[in-house]
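See below for the structure under consideration.
No lab work stands behind these numbers, since they all come straight from the coordinates. The shown structure was predicted, so the numbers you read here are calculated from the model rather than taken from an experiment. Positions of Cβ are backbone-derived with ideal geometry, glycine not excepted, and every protein chain shown enters the neighbour counts.
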């Protein structure tokens, strides 16, 4: 099986490229996605291959554009709507949370909206658009929210998102965007939505994560391994609806749970995971959530860096559980 | 409905459509604690959507939507089932009667109570139609309140830049709840806004169904021929409050009397008699038949199986 070393950004583009070649109903909508190559080079090469008729540039009108894409998905197309950054998700909250999410159920299955809203979220080297909005989207039934934690996951999850018959919000973590490369299979493959990955198995503690914190957990697990603590990592991949079975089974095995995400702790995804697990599993230690403090995200690096869970935070939290 | 709005079949169809809309509204107004009637606005809904053919999309405004459902071929059983939450409801009771529609009949349901998203997603229906090379036209109606919404302006602009096959119709009843639109619009016609986006646009007498139909046909023909979107501001009047509990004390007696004399159904009956030599007897026969049909179907649906958790 051939593969190529790609960044997460390149892996997403490759998934879109191969799928657009396969399915003529896929078109992309967004700002600066043509000759410019997309925000953070997120569409590099696509306009050259598919031209203006399928890589459709739009005005700066996020609500109108998202609704446009939703309507297009109701009439035979499978649009990918490129929303520049996750900071803009609240702008289109109405279109996502009261329109897209409702269509299938409220129409009794007659109006399905197969579109992908792709955006970029979280802090990163670029440092300009740091917001994490997945918890807002996760509260509403009917929306699938995906965040890849590696290039391999990024490609396979984007393929499933494009093939889904219902709306998917696909959040690309900016921190990993131009980050470590990985050998990504050249042919097209799909990683199912709603299924978590277990990139590391272990018997002592379950580390639940997604997006950037997958990398944090991996580095922390390596450190903890040296101290004799055997970590199991559960990468949610699909944040909502999350894979209850994999998370619960892992927690049943290890009886210890740490959840880490870059988004705020208050009413966050971690709260849902902890509530779900503690409802089903007798844990040997109190579960720990690591997340952003309940403050807006500041600009000064010294302030901002303090808002993200770090490898040391995870090591310290896990170590505490065993004492 | 026959495309030539002056043919006798078209006239009867328009008349029946306005009657169905009015009589369903009267029944709902009488039976429901809360209802949003389109009294006086029937010429706009039935006129604007009357020329659509199979393959076209209808995106109605919530007020007066049932007349559009009927035009698109939904049965009275389905429409009333939606109102009474019976199993003949197309959405199985998940949507309200006036939001429901039937997407299989290319009516966009209103799955949110927020106004605006349907205008903007309706624009997307037309965008996909253009990209896929289809011949369908989309008619999108909205109120004068919605006309001031930012997303509507985004969509009208995009409809123009992408040359989409759309007829936008402002069902301008001059009120959003208690707010007089003249107080909140920078122009005295929504058509002037559309002209700002370089759309062919006009304000017309929304209580004259023949005028609405003619303006709609012009826009629909332009859209189907690849000439892009048109906006029609159909000036009408909401005869009464926003909903049944609203006594509309903010409307003056003077304007109410003035507009009551322009009731679109009465006006159309006069037109049928005076310009088309149709007898009063014939008109009353149609009126009685529609009334009987609405009430009999209502009672039949009322006695039918209700939506329940078990039959979802």
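Got a sec? How would A:231, B:28 order by Cβ neighbour count within 10 Å, fewest to most?
Values: A:231 25, B:28 21.
Least to most surrounded, the residues fall as B:28, A:231.
Give the calculated FRET efficiency between residue B:30 and residue B:285 to the nearest 0.05, with a Förster radius of 30 Å applied to their Cβ-Cβ distance.
In this case the efficiency is close to 0.80.
Express the Stokes-Einstein translational diffusion coefficient of the range A:272-323 in µm² s⁻¹, to the nearest whole number, given a Kirkwood radius over alpha-carbon pairs, 25 °C and a viscosity of 0.890 mPa s. If you can, show how the numbers build up before the last one.
On the way: Rh = 13.0 Å.
Value of D from the Cα-based Kirkwood radius: 189 µm²/s.
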Completion exercise
Using alpha-carbon positions, the gyration tensor of chain A gives root eigenvalues a ≥ b ≥ c; with a/c under 1.5 called rounded, otherwise prolate if a/b exceeds b/c, else oblate, the class is prolate
Practice task
Take every residue in peptide B:110-117, count the Cβ atoms of other chains within 10 Å of its Cβ, and give the average of those counts.
Solution key: 6
Problem - Cα-based helix-to-principal-axis angle, A:311-321 vs chain A, degrees rounded to 10 - result: 40 degrees
Handout entry: Part-to-part distance (alpha-carbon centres) for the range A:262-280 and the range B:146-190, which is given in Å
Key = 43 Å
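I need the peptides A:142-149, B:12-19, A:299-306 ranked by packing, meaning the mean over residues of other C-beta atoms within 10 angstrom, with the highest value on top.
Top to bottom by mean Cβ count within 10 Å: A:142-149, B:12-19, A:299-306.
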Exercise for the section: Report, in degrees rounded to the nearest 10, the 0 to 90 angle that the Cα long axis of helix A:151-163 makes with the longest principal axis of chain A. Expected result: 50 degrees
Exercise for the section: For the range B:70-102 and the range B:22-36, write down the distance between their C-alpha centroids in whole Å. Expected result: 15 Å
Fill in the blank from the handout: the protein assembly as shown: antiparallel bridges as % of DSSP beta bridges, rounded to 5, reads 15 percent
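Taking the convex hull of the Cα atoms, report for the range A:3-185 its projected area averaged over all directions, in nm².
Details: hull surface 37.7 nm².
For the Cα atoms of the range A:3-185, the hull's average projected area reads 9.4 nm².
I want to verify the translational diffusion coefficient of the protein assembly as shown in µm²/s; compute it with Stokes-Einstein, Rh as the Kirkwood radius over Cα pairs, at 37 °C and 0.692 mPa s. Intermediate values should be presented prior to the final figure.
Working: Rh = 26.7 Å.
Stokes-Einstein gives a translational diffusion coefficient of 123 µm²/s.
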Practice task
Compute the Cα gyration tensor for chain B, then decide on rounded, prolate or oblate, letting a ≥ b ≥ c be the square roots of its eigenvalues: rounded whenever a/c is under 1.5, prolate when a/b is larger than b/c in the other cases, and oblate in all that remain.
Solution key: rounded
Practice task
Would you mind ranking A:261, B:185 by Cβ crowding within 10 Å, fewest neighbours first?
Solution key: B:185, A:261
Practice task
Order by neighbour count: A:259, B:114, A:27, fewest other Cβ atoms within 10 Å first, most last.
Solution key: B:114, A:27, A:259
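Counting DSSP beta bridges with both partners in the range A:197-321, what percentage is antiparallel, nearest 5? Walk me through the numbers before you get to the answer.
Working: 2 of 14 bridges.
Counting only bridges with both partners in the range A:197-321, antiparallel ones make up about 15 percent.
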Handout entry: For residues of A:94-101, the mean tally of beta carbons on other chains within 10 Å
Key = 4
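What share of the DSSP beta bridges in chain B is antiparallel, in percent to the nearest 5? Numbers along the way, then the final one.
On the way: 3 of 24 bridges.
Percent antiparallel among DSSP bridges in chain B is about 10.
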Fill in the blank from the handout: The rounded separation in angstrom of the Cα centers of the range B:234-312 and the range A:66-128 is 39 Å
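At a 10 angstrom cut-off on C-beta neighbours, averaged per residue, how do the peptides A:30-40, B:51-61, A:152-162 rank from highest to lowest? List each step's numbers first, then the result.
Values: A:30-40: 18.6, B:51-61: 22.1, A:152-162: 25.7.
Sorting A:30-40, B:51-61, A:152-162 by mean packing, highest first, produces A:152-162, B:51-61, A:30-40.
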Completion exercise
Expressed as a whole number, the average count of other chain Cβ atoms within 10 Å around the Cβ atoms of B:145-158 is 3
Completion exercise
Under the rule rounded for a/c under 1.5, else prolate if a/b exceeds b/c, else oblate, using alpha carbon gyration tensor axes a ≥ b ≥ c, the range B:234-312 is classed as oblate
Practice task
Just grab the label-to-label distance for residue A:41 and residue B:310, each label 7 Å out from Cα along the Cβ direction, in nm (one decimal).
Solution key: 6.3 nm
Practice task
Treat each spin label as a single point 7 Å out from the Cα along the C-beta direction, and report the residue A:219 to residue A:189 distance in nm.
Solution key: 2.6 nm
Completion exercise
In degrees rounded to 10, the 0-90 angle between helix A:8-22 Cα long axis and the longest Cα principal axis of chain A is 40 degrees
Practice task
Quick one: grab Rg to one decimal and Dmax as a whole number for the range B:132-221, Cα atoms only, in Å.
Solution key: 13.3, 43
Problem - For the range A:197-321, the fraction of alpha-carbon pairs in successive 10 Å shells from zero, as % - result: 14, 48, 31, 6, 0
Handout entry: Point-to-point label distance, residue B:8-residue B:183, nm (Cα→Cβ direction, 7 Å offset)
Key = 5.0 nm
